[in-house]
1. Kindly provide the set of residues from the range 85-118 that are of a type in the set (F, W, Y) and under 30 Å from M143 (Cα atoms), ordered by number.
2. L125 - would you say it is modelled with pLDDT of 90 or more and of a type in the set (A, V, I, L, M)?
3. Might you check whether a residue that is at pLDDT 90 or above, of a type in the set (F, W, Y) and surrounded by fewer than 18 Cβ atoms within 10 Å (Cβ to Cβ) occurs anywhere in the range 130-138?
4. Just checking, how many residues over the range 99-136 are free of Cβ contacts under 8 Å to residues at least 24 places away in the same chain and farther than 20 Å from V64 by Cα?
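The values are calculated or read from the model by the stated rules, or taken from the named source; none is laboratory data. Just so we're clear, the structure is a prediction, and the values are computed from it rather than from any experiment. Here the Cβ positions follow ideal geometry from the backbone for every residue, glycine too, while neighbour counts run over all protein chains shown.
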Amino acid sequence: MALISGQQLHDYPDSFVWNLDAEGVFSVDTTRKFIDDNNMIHALTGTRWLANQVWRKISRWCGVTISVGDSIQEWYDGVVDSSRSSESKIKFEVIVIASIWILWRFWNSVVFNNNPIRRSNIFDLIVLTSFNWLKVRASKMHMSWNDWVSNPL
């Protein structure tokens, strides 16, 4: 009762205004555009969620240079160096996808959970997740955990 004390109730119908649309009407399209144009770019290329520090750690761990572009597509297109072996490219693509997924999970945990993922665990989760994904989905690639941790590519 304390939460609703002081509130006034009226007899007219409830209303809802969707601020992402000029007409104030909800649509999946406006939501998707908002997410694509704003949130993912900052998650991957900006300072939000310490993403730049994560990309630097991945760069050092893999021994590659990661150039962050203005768009996700530009960034992703420039990720895999064409001079690498096809196995290294696959491994690196899995690392990149795991990184995006872990950063997204981190953001969701901060927004929606009482016990969010710790920032200090993000890189370790990327290493572990990418290793597990490759072990399950690319069983022909033989690698040990120790090799993965020291030099994944």
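1. Keep residues of the range 85-118 that are of a type in the set (F, W, Y), which gives 92, 101, 104, 106-107, 112.
Selection gives F92, W101, W104, F106.
2. Details: modelled with pLDDT of 90 or more: yes; of a type in the set (A, V, I, L, M): yes.
Yes; evaluated as a whole, the condition is true for this residue.
3. Looking for residues that are at pLDDT 90 or above, of a type in the set (F, W, Y) and surrounded by fewer than 18 Cβ atoms within 10 Å (Cβ to Cβ), one finds at least one in the range 130-138, hence yes.
4. Total meeting the criteria: 16.
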